[in-house]
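To keep things clear, I will list the structure first and then write my remarks on it.
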Amino acid sequence: MARKKEAANSVAQTPQAEPAAPGDTPQDKPVGHDAAPTSTDAGEPHRSKWLARFDSWGDHEVGVRVIEDRENRRMTIKFDGKPSEPVREVMKSERYGYRFDSEDQVWYKKINPAKARQARNEADQLGFTVANMIRHEKGLEQKTAFNLGM
């Protein structure tokens, strides 16, 4: 019983925390680290926030990026410029079935939630294929594999 009282007294006697350092403000924290809930969401349970969009793979030398858009449940492929006709034909082919979104300037395909991993793998493979097509058009060396940076 005495130990419980000592522990309670030591907690009560701890000094107040010092003010936060300038680099410890909530906006300086990495994505995914939420600040304490504010009064507007005090009644709601705490949920971590996922990035709405993030790169899956990219060949920045030729300007091709594969992006998973979780907010809109689709895989997207973004080009720095307008791709050539053969590249666009591969994107629209029956095998891949990508469409162009003129508002976001990306090629996209909806993700079937039951086959999300398959959609990611197909998008990565398609991105790699069209990146090599663009490399060939520009006279650059072909890549034999892509690195996800993991």
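The values are calculated or read from the model by the stated rules, or taken from the named source; none is laboratory data. Every value quoted in this text rests on a predicted model; they were computed, and no experiment measured them. As a convention, Cβ positions derive from the backbone with ideal geometry for all residues, glycine included, and neighbour counts pool all protein chains shown. Accessible surface areas use protein heavy atoms only, side chains included; no ligands, DNA or RNA. Shrake-Rupley method; radii C 1.70, N 1.55, O 1.52, S 1.80 Å.
May I ask you to verify whether residue 137 is farther than 14 Å from residue 66 by Cα, surrounded by fewer than 18 Cβ atoms within 10 Å (Cβ to Cβ), free of Cβ contacts under 8 Å to residues at least 24 places away in the same chain and not hydroxyl-bearing (Ser, Thr, Tyr)? Spelling it out, it is not the case that residue 137 is farther than 14 Å from residue 66 by Cα, surrounded by fewer than 18 Cβ atoms within 10 Å (Cβ to Cβ), free of Cβ contacts under 8 Å to residues at least 24 places away in the same chain and not hydroxyl-bearing (Ser, Thr, Tyr). Among what's in region 67-87 and is in contact (Cβ under 8 Å) with a residue 12 or more places away in the chain and assigned to a helix (DSSP H, G or I), pick the residue that is surrounded by the fewest Cβ atoms within 10 Å (Cβ to Cβ). Filtering region 67-87 for residues that are in contact (Cβ under 8 Å) with a residue 12 or more places away in the chain and assigned to a helix (DSSP H, G or I), the one surrounded by the fewest Cβ atoms within 10 Å (Cβ to Cβ) comes out as 86. Does residue 100 satisfy being out of contact with any Pro (no Cβ under 9 Å at 6 or more places or on another chain), open to solvent by 60 Å² or more (accessible area, probe 1.4 Å) and either without any contact (Cβ under 8 Å) to a residue 40 or more places away in the chain or under 21 Å from residue 60 (Cα atoms) (or both)? In short, yes. Flag set for residue 38, criterion: at pLDDT below 80 and either more than 16 Å from residue 110 (Cα to Cα) or not small (Gly, Ala, Ser) (or both). Pull up region 88-97, narrow it to residues that are part of a helix (DSSP H, G or I) and not basic (Lys, Arg), then point me to the one that is surrounded by the fewest Cβ atoms within 10 Å (Cβ to Cβ). Step by step, filter region 88-97, then rank; the result is 89.
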